[in-house]
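Each value in this text was obtained by applying a stated rule to the coordinates, not by laboratory testing. Treat the numbers as computed from the prediction; the structure is a model and nothing was measured. Note that each Cβ is placed from the backbone with ideal geometry, even for glycine, and that neighbours are counted across all protein chains shown.
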There are 2 protein chains.
Amino acid sequence: MPGPLSSAGAAVAADPLPSWNDGPTKQSIFSFVEKVTREGSPFFVPVPERIATFDNDGTLWCETPVPVQVYFALDRVKALAPQNPEWTTREPFASLLKGDLKATLAGGDHALLEIVMATHAGMTTAEFGRIVEDWIATAKHPQTGKLFTEMTYVPMLELLAYLLANGFKNFIVSGGGIEFLRQWGERIYGVPPEQVIGSSIKTQFEMRDGKPVLMRLPQLSFNNDKADKPVAINQHIGRWPIAAFGNSVGDQQMLEYTQGGSGVRFGLLVLHDDAAREYAYGPAQGLPSPQLGAFTPALYEQAKTAGWTVVSMKDDWKQVFPVEPSPVTAINILLEPDATTPEDPVIDPLLIDYVSTFVPTSSGEHFDPHVTTGIAPRDYLDRMLAEPFELFTFSPAGAAVYQLGQCGTAAKKLHAWGLKRQGGVAAE
Amino acid sequence: MPGPLSSAGAAVAADPLPSWNDGPTKQSIFSFVEKVTREGSPFFVPVPERIATFDNDGTLWCETPVPVQVYFALDRVKALAPQNPEWTTREPFASLLKGDLKATLAGGDHALLEIVMATHAGMTTAEFGRIVEDWIATAKHPQTGKLFTEMTYVPMLELLAYLLANGFKNFIVSGGGIEFLRQWGERIYGVPPEQVIGSSIKTQFEMRDGKPVLMRLPQLSFNNDKADKPVAINQHIGRWPIAAFGNSVGDQQMLEYTQGGSGVRFGLLVLHDDAAREYAYGPAQGLPSPQLGAFTPALYEQAKTAGWTVVSMKDDWKQVFPVEPSPVTAINILLEPDATTPEDPVIDPLLIDYVSTFVPTSSGEHFDPHVTTGIAPRDYLDRMLAEPFELFTFSPAGAAVYQLGQCGTAAKKLHAWGLKRQGGVAAE
């Protein structure tokens, strides 16, 4: 009779990071979160100061063989090529149109910038948003054939949800374009647009046909990489992060900056050493060198000295990518609106686990019809169960879909249907 | 026996904007908020999209005779003058050191920029923060003798709290310096650093004595005024505001941009027409022209055409400045942590009113010791009161200070003291 989440005691057994193998890496995350969230801890950090920053490419989703936004630029170049016939012979466009992404990247920042300006500017912010939205809905990874949005790392999604559940505000601090990321960051990561920081081009306010628009200009405004990441974090957030997550030399200064604050700080770097399930690149640990997103031996040494956690994708992650695309993820359900309350700021890890695994374990043939009568302390429940119980009949009076709140309670009604009574007595 | 906030029905009579006179201005605010927050309304806006942007100088606090940050620059110039002897004869410093602020401002943007670079750069962001914090704690308005932080507009503080209570996220979008405002914006307005947008100078990441710092450079990064306010709003928030609040031509494009989104939008401009309680300047409505912060006749006409609300400080506000400084404001209490929950996203206006007026009406000689036993629906309470009641004795077992939650419940324990029992029986 108790609902699936109402059995006391089970919460301690639930694992908010089920895709992480047990060991020092996973333990370092739990240890940090415990230190900064436990009241009375000498390292306790109040909720508003629990700022976490995440790199995107190579940290939250796959950036190999080239970052996703390069494929976007490629498709834009193809779409715009008829209006720009000179591109077939002019670099960097010529290589790109031939599909030779490595040659394109070999042109360096200058070539990339030229491509970005030719493909990301010249329209309003709203128009650009729609272009990205349409593209990301169907664009697929050239080697796996999966949607790019299915090439996110499940362990990192769990980490985002775990931190959020512990009162953290997660920011994405990406070298990629801010307006590119904002189109899908909320849906995929549960991170709202105002918590996305990225590289940007200049925009200009104009009235067009009596309507205010922001025109995207072909001029770089900010390149959010390396030593400029702390600059952008300060500009955008105005607080020092207490935790930072990255995967390459582009994130070094973000981790250094985070560690510079007083108190306990947490830095984590993902090492891509899993050729079987993703890609293997370093050049740290003798892995091959990538064109972009290098994890150098020097960074590896610095991580050891600084006490940053290095994640071995191969050893520390049970699972890399989502097993099957699901339109509903734990993050989607839990993050908006935030299920926490001031009185109860921590989302029960059991709830996250329950939602994450609901479809395979509790739906379809595994669906178990049951009636939840409420949530109660164990001793109250024991007394109630010991009392005499008279059978009675009831039938449903209506059906509704709810967003889950703490303890699996039905927190917010999303939709309700009335039912015609066909017999039985509706329990009031 | 019911607590001060538990009487049902009283909430509808409470006014969340008690310092606003009744009339079309106040009504326009209520009408907008009702339209976008009532479920089922054709203009309903989901909570995450309820973005409101507020100008600061002249909108949230007094900017006359010159904006507060000019006094800060003046005091910095005085402090730094011994190291810069040439300033006594070099403009714009010479005028400033003589206390002739009008002559200083007459030097225009170029003069102001030179002063800002000389006084706001050359230190780390942390050092600058401490300088501002120390200054704002004691700096006083030259004509009223009140702390600058007591020269905020009470009706606008009520408006910030009212919007927050209705699920809005308030951003400050100021022409003033972003790092200047962030030092006190959370304490005074309840707006956290990550929701403050302002003008900025460049910063640079450096390691100094092995510690990461951001050095403030004497170069303008962004001048957040006029047509650049929408640019900054898009860069920082990535969503269109649905409400914008200003007082001058510097806010025109922010209001235009806000109105450009689809659905119901709200624009409001404060007209300073109250020489008796604050200052009177326009030049709209035949008022005198100010050096900065002009509300032009053209802007006034545009407001009429666009349907923006124009606040007459004289006629629409019962009160302008706080009557007495209070270390605890409704905003401080309500805003952090947010007392709303997904199930109950709107803070009861009665609660805001109760906290706002607590000190004069319920403390000291007006303190009424009482016991609150809980909150219950009226019919439950009636049944309980009709039952026989046996007297019993009790005494306090402890004392604690709580942050209020919905319905005046004790939501979050801030501090507790144990009491030694001196007689009586503690009720368990």
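Determine the gain in length on full extension of the stretch B:Lys78-B:Ala14; use 0.36 nm per residue of separation and subtract their C-alpha separation, reporting nm with one decimal.
Details: separation 64, 0.36 × 64 = 23.04 nm, distance 4.87 nm.
Computed gain between B:Lys78 and B:Ala14 is 18.2 nm.
To the nearest Å, what is the center-to-center distance of region A:228-282 and region B:136-199, using C-alpha atoms only? What the calculation gives is 32 Å, centre to centre.
Quick one: work out the % antiparallel among DSSP beta bridges in region B:195-299, nearest 5. Could the numbers behind the result be given before it?
On the way: 9 of 14 bridges.
Roughly 65 percent of the DSSP beta bridges within region B:195-299 come out antiparallel.
Full extension of the chain between A:Ala106 and A:Asp22 gives 26.2 nm of extra length, using 0.36 nm per residue less the Cα-Cα distance. Classification of region B:255-327 by its C-alpha gyration tensor yields an oblate form. The axis ratio a/c (a ≥ b ≥ c) is 1.5 or more, and b/c is at least a/b. Here B:Ser363, B:Ser95, B:Ser262 are placed in order of increasing Cβ neighbour count within 10 Å, fewest first, which gives B:Ser262, B:Ser363, B:Ser95. Please list the non-local residues whose amide H lies under 5 Å from the amide H of A:Phe171, H modeled 1.01 Å from N, same-chain partners needing a gap of 5 or more. Answer set, sorted by chain and number: A:Ala52, A:Thr53, A:Phe54. Projected label points at A:Thr144 and A:Asp315, each 7 Å from Cα along the beta carbon direction, are separated by 2.3 nanometres. With its label point defined 7 Å out from Cα along the Cα-to-Cβ axis, B:Lys102 lies at 7.3 nm from the matching points of the other copies, in increasing order.
Multiplying the residue separation of B:Arg130 and B:Ala94 by 0.36 nm and removing their Cα-Cα distance gives an extension gain of 10.3 nm. Residues of region B:174-188 with backbone nitrogen within less than 16 Å of a virtual label 7 Å along the Cα-to-Cβ line of B:Ala137, please, listed as ranges. Only B:183-185, B:187-188 pass the distance filter.
Each other copy places its own label point for A:Ala126 at 4.5 nm from this one, sorted shortest first, where the point lies 7 Å along the Cα-to-beta carbon line.
Counting only other chain Cβ atoms within 10 Å of each residue's Cβ, the peptide A:190-203 averages 3. Taking a point 7 Å out from Cα toward Cβ as the label site, list the nm distances between B:Gln204 and the same residue in every other copy, smallest first. Computed spacing set for this position: 3.0 nm.
Roughly what % of DSSP beta bridges within region A:131-287 run antiparallel, to the nearest 5?
Working: 10 of 17 bridges.
Just about 60 percent of them are antiparallel.
The packing ranking, built from the mean of other Cβ atoms within 10 Å per residue, places the peptides A:300-306, B:135-141 in the order B:135-141, A:300-306, highest first. Peptide packing for A:384-392, B:277-285 was compared via the average number of neighbouring C-beta atoms within 10 Å per residue; ordered from the highest value, the list is B:277-285, A:384-392.
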